[in-house]
Amino acid sequence: MKEYFKLAWRNIWRNKRRTMITIASVFFALWLALIMRSIQVGSYSHMADGIVEAFTGSIQIHGDGYWEDRTLDKTFAQETSLMTKIESIENVKSVIPRLESFALASTGEQTKGIMVVGIDPERELELTHPDRKLIEGNYFEGSSDGVLVSSRLADFLGLKLNDTLTLLSSGYHGASAAGIYPVIGIIKMPNPELDRRIVYMTLPYAQELYGAYERLSSLVINVENSNLLDKTKKDISLVLDEEIYEIMDWKEMNPELVQQIQSDAAGGYIMLGMLYLIIGFGVLGTLIMMTTERRKEFGVMIAIGMQKKKLGLILTIEMLMMGAVGIIAGVIGSLPVIAYLVKTPIRFTGESAKMFEIYGFEPIMPAKLELSYFLAQSSVVLVIFILAIIYPVNSVMKLKEIKALRS
Amino acid sequence: MKFIEIRDLQKIYNDSEHEVHAVRGIDLSFEEGEFAAIAGPSGCGKTTLLNILGGLDEPTRGTINIGGTNVNELKSSERINFRLNNIGFVFQAYNLIPVLTAKENVEFIMHLQGRPKAERDARTKELLEAVGLGDRLNSRPSKLSGGQQQRVAVARALASKPKFILADEPTANLDSKATENLLDIMEKLNKEENITFIFATHDARVMKKAKRVIYLEDGKILKDEVK
């Protein structure tokens, strides 16, 4: 076997032009596939991070049945011990309590149905960063009794800083809820839908408004590594009483976004499929060219006594060695480009940028560096390469020496 | 029984329009140690005869018996093995393996036979020195002249210690000096080591050196002349 490797190595090393062409066909194939995939994976991740960081977090815990029927009656008791327990679970970065409900917002002339979100101002800074969305006024300080109003809602209601907002609603267990709150800040939510209807206040004031003292509608969980989401969700569910709580990840809470990512991914796979097809035919063409130009050489080898099986084996080893070099070079060559695109994402402007903003995302197309797609793409290109080897090797095995010698 | 016996050999090539009768019922035999030439004009069937004799092509009809083995009854892989251990080839266009050096080209066939490295090295050196290329062991074919390449091809043909050597127009691409040199080497090997040489040629210089000349015309033996 060692001798076969030696012979294959000699063929590779002593015909540099042919070797370079074959390696280059694999290199560019994988290089392109990796860059394309890094942008696809990066974009989906950007979309997911966008929605997670904008509002929902990675995982949420609710009272059982809350997500189906979002009423205050489905809220659960605020227990510090539960939060501490969840915070101690591996991969959990932070636990953020919220009380969310609906209300009628009024400023005299105008009234609108809105969403009230009672937050822990300190903890919320770890995920959704409402302070960074401020376009006017200040973030909550201490036990502020004020509210932050989203910009489109403020426009609709004609609200300005220090104006008063009246909220009316139905509270916990049917109690009536009403309150008057000063506007301490105007925030711009990236998602236009949220920007039309959100009002933030501190958790104690929200609980007071709804008469839901020491109660929460959700615990929002932020994770360290989103790739371990399923495991983390499972670990959290082990500490929860499933008759009292329900646990959902961002995908379950945002099925439309997941669908959008899936349909985009389907398009991405079609693109990759087309790329693979081009790669496959390109590599096949190169390998056929390589074997065709050596037809006479193979004919001589068989004529003087080399078994066709041995020849096929040496040729396979030769091609696999070149394929392996091409794959390693493709991985190494794509790394700096992907690293650059991770750091400097492609930024959209004009109409394309507006489309992104409508969906509430920053108009960028970042790349993502992930071992999984490096392994997957390298394996796919290797399989394509192996498939492409079959035909030329098979044709050499069927070679008629007399015809080959005449070629 | 003779060393090589050919009986009623016929080869017909079929293309889409017509049949070409390259060899028409030849009966021929060779003794061990012969230095024979198959001669005749282009298209007379000498290369076809040589190819069939070497097991590179199959006859349409007839038998070839070499040292007791009926060559045309062998399976493809058996025929390759038979060639490896019994026949040496010298081709018109040298047909050396371009990525291998002169030494490696000669060694290659012994490699296929599974001979030990020490034996391979010694015989390669000995053969290349015998053909006057002891100083060009590490030259690749592209760095050698036509005559030098053909001498490497002769050394390669001898490397496997074959029972006989088939040489198809070995001098066709050589000048007269290189031709004379090559023929002298082959004649010497024939005389000193009793190696059988069978040439297909229309080169008068080869015919002159040969001890036996078989003239072919239209796929048939016209004359079999022993000197």
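Hey, any hits in segment B:75-89 for a residue that's open to solvent by 40 Å² or more (accessible area, probe 1.4 Å), at the interface with chain A (Cβ under 8 Å from one of its Cβ atoms) and in contact with an Asp or Glu (Cβ under 8 Å, 6 or more places away or on another chain)?
Looking for residues that are open to solvent by 40 Å² or more (accessible area, probe 1.4 Å), at the interface with chain A (Cβ under 8 Å from one of its Cβ atoms) and in contact with an Asp or Glu (Cβ under 8 Å, 6 or more places away or on another chain), one finds none in segment B:75-89, hence no.
What about residue B:189, is it of a type outside the set (Phe, Trp, Tyr) and open to solvent by less than 10 Å² (accessible area, probe 1.4 Å)? Judged against the criteria, residue B:189 is not a match. Selection of segment A:218-244 for residues being touching a residue at least 40 places away in the same chain (Cβ under 8 Å), within 17 Å of residue A:84 (Cα to Cα) and open to solvent by less than 80 Å² (accessible area, probe 1.4 Å) yields A:218, A:219, A:220, A:221, A:222, A:223, A:232, A:233, A:235, A:236, A:239, A:240.
Taken over segment A:312-337, the criterion of being crowded, with 21+ Cβ neighbours inside 10 Å and more than 22 Å from residue A:293 (Cβ to Cβ) is satisfied by A:327, A:330, A:334. When A:305, A:282, A:299 are checked against the criterion of being touching a Leu at 6+ places or on another chain (Cβ under 7 Å) and in contact (Cβ under 8 Å) with a residue 24 or more places away in the chain, A:299 stands alone in meeting it. Look at (1) closer than 30 Å to residue B:68 by Cβ; (2) assigned to a loop (DSSP other than H, G, I, E, B); (3) within 8 Å of another protein chain (Cβ to nearest Cβ) and you find that residue B:99 fails only one, number (1).
Here residue A:51 fulfils each of the conditions (1) without any contact (Cβ under 8 Å) to a residue 24 or more places away in the chain; (2) within 30 Å of residue A:370 (Cβ to Cβ) apart from (1).
For segment B:92-103, filtering for residues that are surrounded by 21 or more Cβ atoms within 10 Å (Cβ to Cβ) and of a type outside the set (A, V, I, L, M) leaves 4. The one condition from (1) open to solvent by 10 Å² or more (accessible area, probe 1.4 Å); (2) over 30 Å from residue A:17 (Cα atoms); (3) within 11 Å of chain A (Cβ to nearest Cβ); (4) in contact (Cβ under 8 Å) with a residue 60 or more places away in the chain that residue B:67 does not meet is (3). Are any of the residues in segment B:166-181 touching an Asp or Glu at 6+ places or on another chain (Cβ under 9 Å), open to solvent by 70 Å² or more (accessible area, probe 1.4 Å) and either closer than 22 Å to residue A:406 by Cβ or modelled with pLDDT under 95 (or both)? No: zero hits.
Specify the residue that is surrounded by the most Cβ atoms within 10 Å (Cβ to Cβ); the eligible residues are those in segment A:371-407 that are outside any helix (DSSP H, G or I) and within 11 Å of chain B (Cβ to nearest Cβ). Walk me through how you get there before you give the answer.
Let us first name the residues in segment A:371-407 that are outside any helix (DSSP H, G or I), namely A:398-400, A:407.
After this cut, where a residue has to be within 11 Å of chain B (Cβ to nearest Cβ) as well, the list is A:398-400.
Details: A:398: 9, A:399: 20, A:400: 14.
Once the filter is applied, the top-ranked residue is A:399.
In segment A:198-299, counting only helices (runs of 4 or more DSSP H) that sit wholly within it, the ones holding 2 or more residues that are under 20 Å from residue A:50 (Cα atoms) and small (Gly, Ala, Ser) span A:255-292.
Checking the structure you have, find out if any residue of segment A:24-34 is open to solvent by less than 20 Å² (accessible area, probe 1.4 Å), at pLDDT 90 or above and within 30 Å of residue A:177 (Cα to Cα). The answer is no; no qualifying residue exists.
The values are calculated or read from the model by the stated rules, or taken from the named source; none is laboratory data. All figures in this text were calculated on a predicted structure; none of them were measured in a lab. Glycine also receives a Cβ, built like all others from the backbone with ideal geometry; neighbour counts cover every protein chain displayed. These area figures cover heavy atoms from the full protein model, side chains too; ligands, DNA and RNA do not enter into them. Shrake-Rupley method; radii C 1.70, N 1.55, O 1.52, S 1.80 Å.
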